[in-house]
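Every number here is computed from the coordinates shown, using simple stated rules; none is lab data. Not measured: the values here are computed from a predicted model. Quick reminder, even Gly has a Cβ in these numbers, built from the backbone with ideal geometry, and neighbours come from all protein chains shown.
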Amino acid sequence: MIMSDKNFINHTLCPFCQSAAIQPVLGVKDHTVSKELFEIWHCDGCANRFTQLVPDAASIGLYYQSAAYISHSDTNKGLINRLYHLVRNYTLRSKRKLIQRVTGKEKGLLLDVGAGIGAFADAMREAGWEVTALEPDETARQRAKTKYGLELQAPETLYTLPDARYDAISLWHVLEHVHDLHGYLQTFARILKPGGKLVIAVPNYTSYDATVYQQYWAAYDVPRHLYHFSPAGMELLAQQKGFRLETTLPMWFDSLYVSMLSEQYKNGKSNLPGALRTGIWSNVKAFSNAKKCSSVIYVFSKTGSV
């Protein structure tokens, strides 16, 4: 157990929109590290959700200390993690092409926030981009240095970056982890160049697979995921910080990966046929509307006012 000697945040108002119209909707177990139970609360005001009584920024680190946490450990143990590695090279190319397409630049300046072990930052650097990469976990920063020769910066560096510097800012499944949600978004608006793009990928709790698995849905990932976004809620939050939504894109592999984990959480063992059935059907439902996908990529541009 980790819980007893840590500080936890009790939200009396919605952390997104400050509405008082909030209530608990699910109790979700931390399957990765602590095995503790956390509550998911829903906001009627903005349609986003959040984890209640999450560890504060000084206490959350212990909840990432697991060899199973792949973005930090890069482990390839187990079927699910091996499959993750198989598709990673493809997804890295897709992400690189996306950044180049939405910015209209073959090369430029990129800020990658929550870089993990630095795989995406390295791919962009190899493509000729000048990359600043931030990562809070010391172990992940060391792995990035050993594996890619990357010097990742601590997240506090964000607040010291110069105005209007970056052509693009990317967060691949990171914003849901950030304690200073509003401070980060305000800073992104400040440090993006005119015409720069903010690219955010987050899980979508309104997806079909999330509805099927409910409290066992792996993308709730409490308490590491502080927030749980709906497409409407994400767009509203970004608008409040001076961003305009340009497009949404699906992350097709996420429904399969999350469904495989969710089956393990629900049944105590793997169930590949069941996971494939749910993941594929989730993608079918999202085929004509990316906002229904298990994970959604949002591409924002600055409106020029907050």
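Points to keep in mind about this one:
- In this entry, segment 248-306 is assigned a mean projected area of 5.1 nm², taken as a quarter of its C-alpha convex hull surface.
- Cβ-derived FRET efficiency at R0 41 Å, T211 paired with T157, nearest 0.05: 0.60
- Unit charges on C-beta of K, R, D, E only; dipole of segment 67-302, Debye: 620
- Simple spin-label estimate for Q239 and L86 in nanometres, 7 Å along Cα-Cβ: 4.2
- Cβ crowding within 10 Å averaged over residues, with 184-193, 55-64, 276-285 ranked highest first: 184-193, 276-285, 55-64
- For the chain, the Kirkwood hydrodynamic radius comes to 19.6 Å, computed from all pairs of different C-alpha atoms.
- Rounded, prolate or oblate (a/c below 1.5 giving rounded, otherwise prolate when a/b exceeds b/c) for segment 110-265 by Cα gyration tensor: oblate
- Between V33 and A21, the contour length at 0.36 nm per residue exceeds the Cα-Cα span by 1.2 nm.
- Ascending count of other beta-carbon atoms within 10 Å, so fewest first, for D44, D221: D44, D221
- By the Cβ rule of 4.7 Å, the chain holds the following cysteines without a possible disulfide partner: C293.
- The GluC sites (Glu not before Pro) of segment 98-177 that DSSP puts in a loop, and whose beta carbon has at most 11 other beta carbons within 10 Å, are E106, E151.
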